[in-house]
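Below is one structure; the comments refer to it alone.
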Amino acid sequence: MARPLLLFTIIIGVLFGFSLFILWLVAITHKVKFHVAGADLTQFNLTDDDQLLYNLDLNITAGNPSQRFGINFDNIQVAVLYHDIEFGNTTLAPFYQGQDGTRLLRMKFDGQRPVKLDAVRLAVFTLEQIAEIFSIQVELRLKIRVNVAVVKIKLNPKVDCGFNVPLLSRRRSSFLRFRIIGCRVRY
C-alpha cells in the first residue's frame, strides 16, 4: 500500500516541477521586446467612395534580451489598423533571433482598401487630416519556438503597438516626429 502512494507522490512532484518550469519559461519569454523604431507616412487619404489610399513605411525592432536561449520566429503576420479598422497586412520571413540580440523588421504598406468609417471615426479622421498626424496601430501575430535543452516550447503571442505618425507632404517638411504609444506582448 505504501508503494502506490510513493509512486503517486513522485508523479505529482514531477508534474508540479514540469509545470513550474513551463511557467518560468513563459515568464522569461515575456521579456521579448518589440519597439516601433520609425515610420514614414507619405499618403493617407480617404476618397469620396470610401477608399483609403495609403503609403506607410514601418520599422519595428524585435529584441531578445535573454542570455539563456534563442527564439525561432516561425510565422510573423503583421496588420496595420486605423482606429481598429485593418487597412493593410503582410507576412514577414521567418528568422532566428539569437541570445541577447535585436533584429530590425522593415515593412512597407502601400495601396488602397475600402473602409467604412462611422460618424465618430470620420470626425476623428477629419481632425487628424487637418493636423496631418494620424493614429496607427500595428498587430503582430507570431508563432515562435523556444528551445531550452531538450524541451521545445511553441507559443503564439500577439503584439500590439500604437503610434502617432505625421503625414510627410511635399508642401512642407515635417518637423514633427512620430510619437510611440508603446508595444504590448500578450500570450
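Restricting attention to the range 125-149, which residues are farther than 19 Å from Asn55 by Cβ and small (Gly, Ala, Ser)?
If the condition is that a residue be farther than 19 Å from Asn55 by Cβ and small (Gly, Ala, Ser), then Ala149 is the only one that fits.
May I ask you to list the residues in the range 66-108 that are of a type in the set (Ser, Thr, Tyr), part of a strand (DSSP E or B) and either in contact with a Cys (Cβ under 9 Å, 6 or more places away or on another chain) or crowded, with 17+ Cβ neighbours inside 10 Å (or both)? Write out each step before concluding.
Pass one, the range 66-108, residues of a type in the set (Ser, Thr, Tyr): 66, 82, 90-91, 96, 102.
Going one step further and asking which of them are part of a strand (DSSP E or B), we end up with 82, 90-91, 96, 102.
Correct list: Tyr82 only.
Quick one: in the range 37-60, of everything that is at pLDDT 95 or above and closer than 16 Å to Val159 by Cα, which residue is surrounded by the most Cβ atoms within 10 Å (Cβ to Cβ)?
Restricting to residues being at pLDDT 95 or above and closer than 16 Å to Val159 by Cα, the top hit is Leu58.
Quick check on this structure: which one of Phe8, Phe16, Phe21 is more than 30 Å from Leu127 (Cα to Cα), assigned to a helix (DSSP H, G or I) and either in the same structural domain as Val165 (by the TED database) or touching a residue at least 60 places away in the same chain (Cβ under 8 Å) (or both)?
Exactly one of Phe8, Phe16, Phe21 is more than 30 Å from Leu127 (Cα to Cα), assigned to a helix (DSSP H, G or I) and either in the same structural domain as Val165 (by the TED database) or touching a residue at least 60 places away in the same chain (Cβ under 8 Å) (or both), namely Phe21.
Residue-by-condition table, conditions (1) among the polar types (S, T, N, Q); (2) within 16 Å of the chain's Cα centre (by Cα):
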{"site": "Asp50", "(1), (2)": "no, no"}
{"site": "Asp57", "(1), (2)": "no, yes"}
{"site": "Ala62", "(1), (2)": "no, yes"}
{"site": "Phe69", "(1), (2)": "no, no"}
{"site": "Asn72", "(1), (2)": "yes, yes"}
{"site": "Leu81", "(1), (2)": "no, yes"}
{"site": "Leu92", "(1), (2)": "no, yes"}
{"site": "Met107", "(1), (2)": "no, yes"}
{"site": "Thr126", "(1), (2)": "yes, no"}
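The values are calculated or read from the model by the stated rules, or taken from the named source; none is laboratory data. As the structure is a computational prediction, the values presented were derived from the model and not from experiment. Every residue, glycine among them, receives a Cβ derived from its backbone with ideal geometry; neighbour counts consider all protein chains shown.
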